[in-house]
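Worksheet: one structure, shown below.
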Amino acid sequence: MTIYVVVDNAVHNAEEYAKYLKLITPTVEKYGGRYVIRAGEILLADTDWQPDRLVVIAFDDQEQAMQWVTASDVTPIHDMRRANATSRLIVIKGFDET
């Protein structure tokens, strides 16, 4: 079952956040993830929620997703995200048709 990591970031330090992006991107691939949404243009919102930078990353299974979220080599990079953006991250199971 596909597992998704969803991150809602309100960037408050764009220069440092850009450095974070260069570091985090290779780790997604390293842990088997693939970007589904990466700060795409919001076309319609029927609420006042307007994410500054919404990211969705797909992983083939829960183990891969949790490894990426908790990996010791990625932790300092996640810390960079939190230092330069107000950030919310969740790990969520995808739809299982069975």
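Throughout, read-outs are computed from the coordinates displayed, never taken from laboratory work. A quick note: this is a predicted structure, and the numbers were derived from the prediction, not measured. Note that each Cβ is placed from the backbone with ideal geometry, even for glycine, and that neighbours are counted across all protein chains shown.
Summary table below
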read-out	value
Residue, surrounded by the fewest Cβ atoms within 10 Å (Cβ to Cβ), within the range 44-58, restricted to residues that are closer than 21 Å to Ala10 by Cβ and hydrophobic (A, V, I, L, M, F, W, C)	Leu44
Contacts under 8 angstrom Cβ, first residue in the range 1-29 being in contact (Cβ under 8 Å) with a residue 12 or more places away in the chain and at negative phi, partner part of a helix (DSSP H, G or I) and among the small types (Gly, Ala, Ser), 6 or more apart	Ile3/Ala65; Tyr4/Ala65; Val5/Ala65; Asn13/Ala83; Glu16/Ala83
Subset of the range 18-43 that is farther than 20 Å from Ala71 by Cα and not acidic (Asp, Glu) - its residue that is surrounded by the fewest Cβ atoms within 10 Å (Cβ to Cβ)	Leu43
Test: residue in the range 44-56 that is of a type in the set (Gly, Ala, Ser) and either touching a Lys or Arg at 6+ places or on another chain (Cβ under 6 Å) or closer than 17 Å to Ser87 by Cβ (or both)	no
Of all residues making up the range 63-90, the number that are of a type outside the set (Ser, Thr, Tyr), in contact (Cβ under 8 Å) with a residue 24 or more places away in the chain and over 19 Å from Glu29 (Cα atoms)	4
Index of the failed condition, Asp61 passing every other in (1) touching a Phe, Trp or Tyr at 6+ places or on another chain (Cβ under 9 Å); (2) exposed (fewer than 14 other Cβ atoms within 10 Å of the Cβ)	(1)
